[in-house]
Amino acid sequence: MSWGSAGALTGLLLVALPVIIHLLGKDPATRRAFPTLRFIAASRLLPTRWSRIHDPLLLAVRCAVLAAAVVALARPYRRQAAVSGDAASRVARVVLLDTSGVGYRENPGGARAVAQALVDSANTALLVTSNDPAGELQGAASWLAHEPGFADIVIVSDFASERYPANLPELVASSIGVRTVRIGSAGTASTNVGAPSVSWRASPAPAALSVDLIAAPQDADVRDAVLKVVARSVAADQSGGSVRAAVVLSGADGRTELLRSARAITSPSIVALAARLTRESFALPFDVDVSAPAVAASGQGTERVSVAVPASAVAVARTRDGAVALWAMEDSVTAGPRLLLFSTLPARSPVVAHVVAAVVEAIAPRESAIGAPVLADSVLQSWNRTPAAPVSAATRPATADAGASLARLLWCAVLLLLAAEWFVRRRISVASVGLGGRDAER
Amino acid sequence: MSSLSPAVVAAIDDLELSARLIVEGLRTGGHRSPFHGFSTEFRQHRPYRAGDDLKHLDWKLFGRSDRLYSRQFRETTNVSIMLVIDTSASMGFPNNSAQPSKLRYAAIVAAALAHLAITQGHAVGLMTTAAQSGVMLKARGGRPHLRALIAQLDGVKADGRWDGARAMSLGAQLLQRRGLMIVLSDFYDNEEGVQRELRHIAQHGHDVIAMQVLSAEERSLAGTAAVEFEDLETGERRMADVQAISAEYAQSVAAFVERTRQSAASAGIDHVLLPTEQPPEIILRDYLRQRSLAGGSIGPLGLGRR
């Protein structure tokens with residue numbers, strides 16, 4: 001229920017007026033002579049000047065008259081009727097953007113653009129960003145139930161099969177249309193070209209990564225920030241920690257020792273990992289100056305670090321000009337095999353976080369990123385359906401008419417209540433006259 | 001003849017006319033003429049005067065003395081009746097013009113009874129005692145006395161309190177022989193004393209009829225408003241919600257009437273309830289018929305000793 005003049009509702013305070021008058025007004029002396037008082041029970045006597053409510057029916061009717069009049073002046077109307085003048089041509093839409101899939105992470109801007117285009121094409125629309133679109137269906141259906149016009153739900157996702165029930169269309173009313181828009185290249189090899197766009201999503205923090213980030217003490221804040229970004233932008237390590245790797249930033253403590261002890265990659269698991277990284281072929285889209293010597297912290301000061309790439313190293317990422325920005329070797333010190341990724345990038349370069357995130361994604365890929373099963377196109381097509389025709393516009397009164405109709409009804413109620421008030425007052429008067437007193441007119 | 005409503009009867013200022021109308025109404029009830037049984041007693045002769053009724057000429061004396069003499073008679077009465085009327089302030093209720101007050105209603109009934117009794121040859125007296133003044137008329141017969149009695153009835157006013165026991169005691173003293181006492185009152189005052197005096201009078205051989213006059217307004221309270229009641233006799237005031245007390249009030253009044261009736265019945269006293277909203281001749285006719293059927297009454301309409 002909406003109001004044309006909501007301020008008029010303050011007039012409801014007037015309802016208190018008859019009550020106050022009723023309580024404060026002196027009762028006009030209904031005194032009358034009587035033969036004897038012996039039969040008038042003393043237990044039922046009233047105070048001479050009373051303050052309790054008498055004639056409650058009359059008082060209630062008078063209050064109702066005022067309340068109905070005030071509400072009528074406030075010009076109420078139904079909200080649904082207010083927007084349904086051209087319901088037959090309207091489209092109400094809920095766009096569910098799945099942000100949990102790799103399809104979104106590959107190109108969130110593109111996904112959002114698709115979703116926004118869908119939003120813009122509807123008369124009334126709601127964009128819901130969620131990592132569980134199926135769980136949002138009920139709420140979307142409830143919202144659409146109150147909107148006039150054609151109602152449909154569009155799901156923008158990579159449609160990993162694990163996140164969608166097979167009977168998804170049955171979760172919403174049959175009158176609501178369902179449309180699926182696949183984004184990303186889920187199920188195919190990811191090129192990981194370009195810096196991943198990191199968005200701060202309110203998703204649970206992933207489990208501890210099995211990838212270490214080794215940085216200089218003065219770059220501890222950078223390291224923490226990078227780890228934070230990585231933890232939030234990359235899903236949990238699906239390898240269960242079996243793949244161990246370390247990204248050694250320039251200037252990191254022990255970098256020289258690590259470089260010295262590193263050897264060519266020989267362990268089978270590290271070989272496979274390095275092969276994958278090589279195949280991924282990071283081509284940094286940034287202009288990174290890797291020629292400047294990095295500075296490593298030491299106990300007494302700083303130490304210049306050589307950035308020469310060992311011959312046994314495997315180049316993983318290069319800058320645009322072909323310089324090696326990240327190379328891989330195997331750690332020969334630790335008990336188990338460990339991949340060492342040496343970076344020539346300045347620790348405080350903004351590229352570091354993106355590079356590390358991409359590396360982690362490559363060496364500890366999520367299931368979907370390495371070909372997680374997705375719903376077949378045929379399934380998605382079977383889900384698609386068009387919305388049912390909306391309620392005819394003819395049955396939805398126009399806003400002005402609806403408001404006027406309600407107001408007319410209320411004014412009729414006021415008239416009826418006035419008649420009732422007259423009837424009740426007259427009945428009380430007649431009763432008083434019947435008593436024979438001088439209290440006929442009260 | 002249709003019965004006259006209390007409002008119509010009350011509208012007639014002439015109380016004698018009202019009484020005559022009521023008595024005429026009583027006569028049309030299929031009873032025998034009330035004048036039957038009227039008896040006279042020879043008193044003396046006096047010389048005939050032109051205009052005297054020839055049927056009263058003593059022809060035997062004319063034959064002996066060759067002079068015309070008319071016979072004169074003395075009216076004889078059968079029963080002495082004493083009307084005792086409550087003139088307390090409570091009898092002035094209701095004081096609106098729509099209905100007669102209880103006192104006016106009682107006066108009309110008393111006048112009708114007096115008219116009926118005197119025309120039947122009975123003697124009727126009147127006793128009212130009020131705060132300031134009272135009326136005491138010995139029981140006598142004859143139309144002049146009837147007119148005097150009705151005139152007194154017409155002048156009674158409701159005022160103050162009523163000493164019913166004293167009034168009835170005085171009335172019994174005025175009845176020189178055993179007779180009939182008719183008490184018209186609402187019996188509100190000194191309930192116990194009045195009942196005791198009624199029983200006392202009945203025990204002394206008098207026939208007693210207690211006529212309780214009550215208005216509809218005091219038998220049941222109507223309305224929903226709060227009313228401040230003022231006692232007509234004491235001036236005491238009480239505020240009460242009529243709607244809240246009406247049921248309890250009606251029960252109390254009914255219990256009071258029943259108590260009065262039972263007290264009277266236990267002493268062999270007739271109790272007649274006179275609702276002022278009902279035509280008096282109907283109540284009187286029903287009661288007199290019932291009393292006549294009970295047997296032993298003197299007079300066709302049941303007045304007199306049983």
Item to check | Neighbour-count ranking [beta-carbon atoms within 10 angstrom, fewest first] of B:His204, B:His45 | outcome: B:His204, B:His45
Item to check | At R0 = 56 Å, FRET efficiency that the Cβ-Cβ distance of A:Arg263 and A:Ser89 yields, to 0.05 | outcome: 0.20
Checklist entry - What ranking do A:Ser312, B:Ser215 get, fewest neighbouring Cβ atoms within 10 angstrom at the top? => result A:Ser312, B:Ser215
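Only the coordinates and a few stated rules stand behind these numbers; no lab work does. Quick caveat: nothing in here was measured; it's all calculated off a predicted structure. Here Cβ is always computed from backbone atoms with ideal geometry, including for glycine, and neighbour counts include all displayed protein chains.
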